[in-house]
Amino acid sequence: MDEALAEVRELYLADSVPWVIGYSGGKDSTLTTALVWRALESLPPDQRHKTVHVISTDTLVENPVIAAWVGRSLDSMRAAAAAAGLPVEVHRLTPDIKDTFWVSLIGKGYAAPRPKFRWCTERMKIRPSNKFIRQVVDQHGEVILVLGTRKAESQARARSMARHEAGRVRDRLSPNASLPNSLVYSPIEDLTTDEVWIALMQYENPWGHSHKELMALYRGASADSECPLVVDTSTQSCGDSRFGCWTCTMVESDKSMKAMIINDDEYDWMRPLLALRDRLDIEDDRHLRDFRKMDGRLLIHRERLVHGPYTQDARQDWLHQLLTAQSRIRRTGPEHVRDITLITLEELREIRRIWVFQKHEVEDTLPEIYEDATGEPFPDGPISMTIDRDRAMIEVLREVCGDDEQMFLTVRSLLAVDKAYRSASRRQGLSEALERILAHHFTDEDEALEFALRQRQLRGQDPPQASLF
């Protein structure tokens, strides 16, 4: 540890390039942050010449217990850095509202993440951290990323680090392939898992957050008491046993949350989360999804259409289930989770906007779903002055169309598009917008499949998709 501290001090003093530490709250990033912290403490105040940014990315769907732990740690870090006069700035990063899990899944209709449709990591983790790092680069011209990556994590990690090591431009600093003008420093890269825990147990946390409590969290989240990894944004987000997003469907099951519930009655309140996560993770969800892709394309695989986004009914049901779970926890959970937020008001507003103005679901059902699930009125008023008239119109349209769902969806979308253009000073583009609606809704699934197969045959080749536009 003395050698590691000496190395950190030497690299810190070598230039004026600011540092950015990736902090997840797990053992590796905790030890890395503690090393840098101790190194700064050991320097005279006049040598603490550059800022160390500590960034922690909150996806807004992290395991609530871990999210609370990390939040308290960040608060302690801010207070301790200010008290000690250290040039440490702490940043909690979140995804843009358009990229959050629930806006993507419930608002836009993205299906639950899968290996071939892994939309979550890029939007929720990588973009927020990269955005911050680019801002530092724009301001200072260069940045050094301090990460808790270790070769002992896996063979793949060791190979990756070896490749980067071969391209080092300075001692212990490797270029970052995805971020220009950024170098990576991994101060604990050669430590084993046991050595990480030994170091944490031998030294007190410098900002006052207990390492013993951290170990207890790891043990409580593992059925065999083997500590899983808490990864930072440079590490693959999913594995067989790890802390992470409670909504994650990239793994067979959420072993850490299950273990926490089984091992400790204190965490029994998380059962609604586990149940909702398991309902998201169903093997065949074709019945919940539109047979067209988001942009209206028809994609064929093994003589079947590949289904696209969740239908309106499915999205409304997911929202109801989520709000019901939140209400249940607030009502029956222990005191410290009575104000838990599984979906923010900002996300609800964005979902409502997408439903009404992008998907033309002018019924504006979100306030009704909210009140039914929570027992409280939605905080916002009507989304437009004509919403009541729109609802009355939709009720008549539903009655006229009867069981013809495609006719209902087509006319509803045509009316919504016409209304949007009616208030515009120029109606240029209206015809094209109406044509897109007609192309998107003109048929049912059986006819769409027949059309796509016929288009494939007419082309004399076997393209994977056909367009209705």
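Tabulated results
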quantity	calculated
For the chain, accessible area per residue (1.4 Å probe, heavy atoms of protein chains only), Å²	49
Two-site FRET efficiency, residue 455 against residue 181, from Cβ-Cβ distance with R₀ of 56 Å, rounded to 0.05	0.75
Projected-area average for region 237-300 over all orientations - Cα convex hull basis, square nanometres	5.8
Fraction of the pair-distance distribution of the chain above 38 Å, Cα-Cα pairs, percent	37
Portion, in percent, of the accessible area of the chain that falls on carbon or sulfur, probe 1.4 Å	49
Label-point separation, residue 421 to residue 75 (7 Å along Cα→Cβ), nm	5.3
Region 56-96 residues near the modelled residue 337 label - backbone nitrogen below 14 Å, point 7 Å along Cα→Cβ	62-69
Residue 258-residue 122 FRET efficiency (beta carbon distance; Förster radius 22 Å; 0.05 resolution)	0.20
Gain in span if fully extended, residue 303 to residue 3, counting 0.36 nm per residue against the direct Cα distance	101.8 nm
Residue-averaged [θ]222 nm for the chain, counting only DSSP H segments that reach four residues, each worth -39500 (n - 2.57)	-14500 deg cm²/dmol
Ordering of 92-101, 43-52 by packing [mean C-beta count within 10 Å, highest first]	92-101, 43-52
Label-point separation in nm, residue 431 to residue 68, each point 7 Å along Cα→Cβ	6.1
Descending principal axes extents, region 17-107, alpha-carbon based, whole Å	52, 26, 22
Cα point-scatterer Debye curve for region 303-348, base-10 log of I(q)/I(0) at q = 0.21, 0.22, 0.32 Å⁻¹	-0.77, -0.81, -1.11
Percentage relative contact order, the chain, counting C-alpha pairs under 8 Å, at least six apart	14
Burial ranking of peptide ranges 359-372, 278-291 (average Cβ count within 10 Å, highest at the top)	359-372, 278-291
Linear extension gain, residue 216 paired with residue 135, 0.36 nm per residue minus alpha-carbon span	25.5 nm
Ellipsoid semi-axes in whole angstrom, largest first, where each is sqrt(5λ) of the Cα gyration tensor of region 315-413	30, 14, 11
Calculated FRET efficiency for the pair residue 46/residue 295, C-beta based, R₀ 56 Å, to 0.05	0.45
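The values are calculated or read from the model by the stated rules, or taken from the named source; none is laboratory data. These numbers were taken from a predicted model, which means no experiment stands behind them. Using ideal geometry, Cβ is built from the backbone for each residue, glycine included, and neighbour counts are taken over all protein chains shown. These accessible areas exclude ligands, DNA and RNA; they are computed on the full protein's heavy atoms, side chains included. Shrake-Rupley method; radii C 1.70, N 1.55, O 1.52, S 1.80 Å.
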